[in-house]
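Some notes on the structure that comes next.
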Amino acid sequence: MPLVTSQEMFKKAYAGQYAVGAFNVNNMEIIQGIVEAAKEEQAPLILQVSAGARKYAKHIYLIKLVEAALEDSNLPICLHLDHGEDFEICKSCIDGGFSSVMIDGSKLPFEENIALTKKVVDYAHERGVVVEAELGRLAGIEDAVNVSAKDATYTDPDQAVEFVERTGVDSLAIAIGTSHGAYKFKGECKLDFDRLETISKLLPNFPLVLHGASTVLPEFVDKCNQFGGQIKGAQGVPEDMLLRAGKMGVCKINIDTDLRLAMTASVREHFANNPSDFDPRQYLKPAREAIKGMVKHKIRNVLNCSGRL
Ligand SMILES: O=C(CO)COP(=O)(O)O
Ligand SMILES: O=C[C@H](O)COP(=O)(O)O
Ligand SMILES: [Zn+2]
Ligand SMILES: [Zn+2]
């Protein structure tokens, strides 16, 4: 099975009022856990690679691992660059075999974000690759930069329409209150669903993307802390809100933090109970299973995309 773009996935997701999961990958065990879950659930799947992941694992290793996953699973998979910050990294991923890239010009002034996005769209579309862009700015940690809540800005609905028209972008990440990382909210999670509804009405049949959408599942945070971790005050986006977003034009939901927490909770528990183990396979096997179980849960109960291949 060759790589696919997200175009058909989003069309079906939009019509079916569900979302496709975009999971961040950094190594073999993470890829295997996610892909096994999607295979068992017969779910559409986006694997995404950040600049940090490329630096950690190298482009070639990640591409080859995803090629292996395609062959082994026979699933249609979209391989996406997450938060590409300039034209060069997008070009490098387009030339290097990705089927989708994100150009994240959200920190630029509106006109500069449009110009940069348009340049990537022109290059990508000529080569059959799709593009996600971002308008508005999320709070939280992204590429080791911590965007404070006061620097975050919600997406302006009218600007979103102009941005999509002028760039020809295939999907748009919007800011409605979600944030990257494990510490998303001090108090209660509040998302601006009115804003989402307005944007979605102004852009009918257009796929929206939600970043910073991990739930920061308490079972994993508690397990980390029970077995020696110090993850205090972590909080994510409640699952019912994500399900609601999936019915309102959000076709792609990004999940990284929940993968990290599931893996770390499993490894911590393993070492606490098996202090004499030192073979990586002994602790990475249950960690891979933990990722698989968590992704299956997301597919069924949060994304609502089980059986939607
Ligand atoms: O948006 C993300 C990747 O682009 C991940 O968000 P989380 O930190 O909520 O998992
Ligand atoms: O949005 C950010 C993703 O969670 C990727 O994080 P990273 O840059 O640490 O790989
Ligand atoms: Zn961003
Ligand atoms: Zn993101």
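What follows is calculated from the coordinates using simple rules that are stated; it is not laboratory data. Because the structure is predicted, anything quoted here is derived from the model rather than measured. Glycine gets a Cβ as well: all are built from the backbone with ideal geometry, and neighbour counts include every protein chain shown.
Can you give the local net charge around Ile291? Use residues other than it whose beta-carbon is closer than 12 angstrom to its beta-carbon, Lys and Arg +1, Asp and Glu -1.
+1
Could you tell me the convex hull volume per residue, in Å³, taken over the Cα atoms of the stretch 177-295?
It comes to 99 Å³ per residue, whole-number rounded.
How about the stretch 117-197: which trypsin sites (Lys or Arg not before Pro) there lie in a loop by DSSP and see at most 13 other Cβ atoms within 10 Å?
Arg127, Lys186, Lys190
Roughly how tilted is helix 59-73, in degrees to the nearest 10 and between 0 and 90, from the longest Cα axis of the chain?
With rounding to tens, the tilt is 80 degrees.
Considering only C-alpha atoms, what is the centroid distance from the stretch 126-169 to the stretch 1-38, in Å?
The stretch 126-169 and the stretch 1-38 have Cα centres separated by 21 Å.
Kirkwood-based Rg over Rh for the stretch 1-150 (C-alpha set), two decimals?
0.96
Cut-off 10 angstrom, C-alpha nodes, Gaussian network model of the chain. Which of Asp277, Asp256, Asp192 fluctuates the most?
Asp277
Pull up the DSSP beta bridges for the chain and report the antiparallel fraction as a percent, rounded to 5.
Rounded to the nearest five, the antiparallel share is 10 percent.
What's the Kirkwood radius of the stretch 7-302 in Å, using all Cα pairs?
19.4
Could you line up Arg288, Arg268 from fewest to most neighbouring Cβ atoms inside 10 Å?
The order, fewest Cβ neighbours first, is Arg268, Arg288.
For the stretch 143-209, what is one quarter of the convex hull surface built on the Cα atoms, given in nm²?
Over all viewing directions, the stretch 143-209 projects a mean Cα-hull area of 5.4 nm².
Rank the residues Arg54, Arg300 as a footprinting-exposure proxy: fewest other Cβ atoms within 10 Å of their Cβ go first.
Taking fewest neighbouring Cβ atoms as first place, the list is Arg300, Arg54.
Please find, in a Gaussian network model of the chain (springs between Cα atoms separated by less than 10 Å), the residue of Val101, Val131, Val66 whose mean-square fluctuation is greatest.
Comparing Val101, Val131, Val66 in a Gaussian network model of the chain, the most mobile one is Val66.
Straight-line reach from Lys298: which aspartates and glutamates have Cα under 15 Å away, leaving out those fewer than 8 places along the same chain?
Of all the aspartates and glutamates, those that pass the test against Lys298 - Cα under 15 Å, at least 8 places apart if same chain - are Glu36, Glu40, Glu41, Glu219, Glu239, Asp240, Asp256, Asp258, Glu289.
Within a 10 angstrom radius of the beta carbon, how do Met102, Met263 rank from fewest other beta carbons to most?
Placing the least packed residue first, the sequence is Met263, Met102.
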